[in-house]
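The values are calculated or read from the model by the stated rules, or taken from the named source; none is laboratory data. Predicted model, so just to flag it, every value in this text is computed and none were measured. Backbone-built Cβ (ideal geometry, glycine too); neighbour counts: all protein chains shown.
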Amino acid sequence: MPVHVLEEAERCLQCKNPRCRQGCPIHTNIPEMIRLFKNNELEVAAGMLFANNPLSVVCSLVCDHSKQCEGHCIRGIKGEPVHISSIENYISDSCFERIKINMAEPNGMKAAVIGAGPAGITIAIILASKGYKVTVFEARDKIGGIMRYGIPEFRLPHSILDRYYTKMKEMGILFRPNFTIGGNITIEDLFKDGYKSIFIGTGAWRPKRMMIPGETFGNVHYAINYLNNPDVVDLGKSVAIFGAGNSAMDVARTAIRKGCRDVTVYVRSDTVSASPDEYELAKLDGVKFEFHKTAIEIKDEGPVICDTEKDADGHTIIKQETARLVPTDSVVISVSQVPRHRLVEHSTELKLNERGNLMTDEEGETTMKGVFASGDVATGAKTVVHAVNDSKKIAEEMDRYMQSLKD
């Protein structure tokens with residue numbers, strides 16, 4: 001056991017009003033986790049974490065801890081906060097295979113999960129534990145969604161997702177990999193085959209454009225496409241990245257690891273939207289940052305960059321007179337992504353909201369009876385922990401809906 005994990009656990013003050021728990025989007029009982037850890041009750045702690053957050057081991061690695069649990073730790077007011085993520089990771093990772101999941105008796109009802117990302121995995125685990133026969137339909141060959149195909153392996157090892165696959169199969173969950181719903185097989189076909197409820201968690205895989213000339217050129221890539229499989233993309237020795245979120249940091253740090261010697265992130269404002277830790281790690285890796293800059297065009301030789309400034313109302317003004325070509329081998333656009341909508345195209349009952357996401361009510365049900373959705377396809381691109389938190393609530397609604405069919 002790493003010594004620092006023990007030391008960090010000893011630093012916890014066991015606050016009666018734990019700010020750390022309030023700062024956690026999924027309200028993990030952090031003081032109890034640490035108390036159990038210090039009492040050598042690791043399996044009990046791991047079971048508690050898994051029951052509250054099936055993706056606890058993942059969130060312990062990729063959450064924005066500095067803004068969430070650790071950012072609210074009272075120790076951090078005058079010093080360093082307790083390194084909660086390390087403690088959670090040690091417990092969740094070391095006990096993952098030993099976690100005892102309370103499984104209800106099979107109830108004879110089938111549920112379908114479309115998409116094996118954070119939301120889909122969460123829904124499948126919860127419904128399976130409640131006795132439903134769950135089948136997961138995944139368009140790719142392996143589970144994980146954005147966790148496998150959008151987060152670099154140096155941040156989230158794929159072996160963790162492989163362990164989830166094994167765990168879920170042990171729970172009786174069935175998988176249909178390389179299988180897309182919304183073509184030959186529709187949602188209506190699933191209902192005809194006896195599925196009582198369907199969950200859609202297909203994520204947000206369509207990159208947003210900057211809407212500038214040159215985005216189709218061969219030296220231009222979108223972040224979500226590059227991170228999907230960086231080994232098949234040769235960015236050359238210099239790359240310009242536009243965007244300031246965690247995906248932009250992931251692209252920059254991956255490019256460094258793939259041999260790019262000159263990696264620059266251009267930011268429209270004076271701050272990045274990425275987590276402070278990821279920003280600092282990017283700088284440590286050698287990534288350079290240029291603030292108040294954006295591109296107005298991309299040429300074969302590189303982007304045409306202008307300075308920006310804020311007007312009195314806080315709107316960004318592009319100073320066209322400052323336009324200049326910055327020679328680079330490649331350009332990566334990382335300004336978020338939105339859902340694709342193959343399912344909507346093949347099901348007239350599914351509707352989109354004004355943001356282009358699947359329309360759902362407060363219970364997570366779409367405009368099609370018995371079909372629920374959460375995660376990026378319903379909310380737009382958000383974090384893993386937010387997808388899990390929303391999906392926990394929707395799993396309960398799906399359970400209530402399916403049980404009502406018995407009446």
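Of the residues that make up the range 28-40, is at least one touching a residue at least 12 places away in the same chain (Cβ under 8 Å) and not in a helix (DSSP H, G or I)? Yes, there is a match, as at least one residue in the range 28-40 is touching a residue at least 12 places away in the same chain (Cβ under 8 Å) and not in a helix (DSSP H, G or I).
Would you confirm, using the coordinates I've provided, whether residue 274 is surrounded by fewer than 19 Cβ atoms within 10 Å (Cβ to Cβ) and out of contact with any strand residue (DSSP E or B) (no Cβ under 8 Å at 6 or more places or on another chain)? No; evaluated as a whole, the condition is false for this residue. Residue by residue through the range 360-407, note down the ones that are within 16 Å of residue 125 (Cα to Cα), of a type in the set (S, T, N, Q) and modelled with pLDDT of 90 or more. Scanning the range 360-407 gives 389, 391.
Give the residue, chosen from 16, 100, that is outside any helix (DSSP H, G or I), more than 23 Å from the chain's Cα centre (by Cα) and touching a residue at least 40 places away in the same chain (Cβ under 8 Å).
100 is the lone residue from the list that is outside any helix (DSSP H, G or I), more than 23 Å from the chain's Cα centre (by Cα) and touching a residue at least 40 places away in the same chain (Cβ under 8 Å).
Inspect all residues belonging to the range 166-184 and state whether any of them is touching a Lys or Arg at 6+ places or on another chain (Cβ under 6 Å) and modelled with pLDDT under 95. Yes - at least one qualifying residue is present in the range 166-184.
Among residues of the range 353-368 that are touching a residue at least 60 places away in the same chain (Cβ under 8 Å), those with a Cβ under 9 angstrom from a residue that is of a type in the set (Phe, Trp, Tyr), sequence gap 6+ or separate chain, pair up as 366/372.
Among the residues of the range 69-95, those that are more than 22 Å from the chain's Cα centre (by Cα) and either more than 13 Å from residue 37 (Cβ to Cβ) or of a type in the set (Lys, Arg) (or both) comprise 73, 74, 75, 76, 77, 78, 79, 80, 81.
In the range 140-165, the residue that is farthest from residue 257 (Cα to Cα) out of those that are touching a Lys or Arg at 6+ places or on another chain (Cβ under 9 Å) and hydrophobic (A, V, I, L, M, F, W, C) is 161. Within the range 43-93, the residues that satisfy the criterion of being touching a His at 6+ places or on another chain (Cβ under 8 Å) and crowded, with 24+ Cβ neighbours inside 10 Å are 70, 84.
Filtering the range 181-194 for residues that are hydroxyl-bearing (Ser, Thr, Tyr), within 21 Å of residue 300 (Cβ to Cβ) and either touching a Pro at 6+ places or on another chain (Cβ under 9 Å) or not in a helix (DSSP H, G or I) (or both) leaves an empty set. Which condition does residue 216 not pass, out of (1) surrounded by 14 or more Cβ atoms within 10 Å (Cβ to Cβ); (2) of a type in the set (Ser, Thr, Tyr); (3) at pLDDT 90 or above, if it passes all the others? Looking at each condition in turn, residue 216 falls short on (1).
Do any strands (runs of 3 or more DSSP E) lying entirely in the range 293-397 carry at least 2 residues that are buried (at least 19 other Cβ atoms within 10 Å of the Cβ) and of a type outside the set (Ser, Thr, Tyr), and which ones are they?
Passing ranges, in order: 293-299, 302-310, 330-333, 371-373.
Inspect all residues belonging to the range 288-297 and state whether any of them is in contact with a helix residue (DSSP H, G or I) (Cβ under 9 Å, 6 or more places away or on another chain) and either free of Cβ contacts under 8 Å to residues at least 24 places away in the same chain or of a type in the set (Val, Ile, Thr) (or both). No, because not a single residue in the range 288-297 is in contact with a helix residue (DSSP H, G or I) (Cβ under 9 Å, 6 or more places away or on another chain) and either free of Cβ contacts under 8 Å to residues at least 24 places away in the same chain or of a type in the set (Val, Ile, Thr) (or both). Of the residues making up the range 178-201, one or more are touching a residue at least 60 places away in the same chain (Cβ under 8 Å) and under 30 Å from residue 86 (Cα atoms). Residues to consider are 238, 247, 269; find the one that is at pLDDT 95 or above and surrounded by 15 or more Cβ atoms within 10 Å (Cβ to Cβ). Just one listed residue meets the conditions, 238. Picking from residues in the range 195-214 that are of a type outside the set (D, E, K, R), out of contact with any Gly (no Cβ under 6 Å at 6 or more places or on another chain) and part of a loop (DSSP other than H, G, I, E, B), the one that is nearest to residue 301 (Cα to Cα) is 214. Within this structure, residue 233 passes the test of being under 25 Å from the mean Cα position of the chain (by Cα) and farther than 30 Å from residue 68 by Cα.
Is it fair to say residue 326 is within 30 Å of residue 296 (Cα to Cα) and over 18 Å from the mean Cα position of the chain (by Cα)?
Working: within 30 Å of residue 296 (Cα to Cα): yes; over 18 Å from the mean Cα position of the chain (by Cα): yes.
Answer is yes for this residue.
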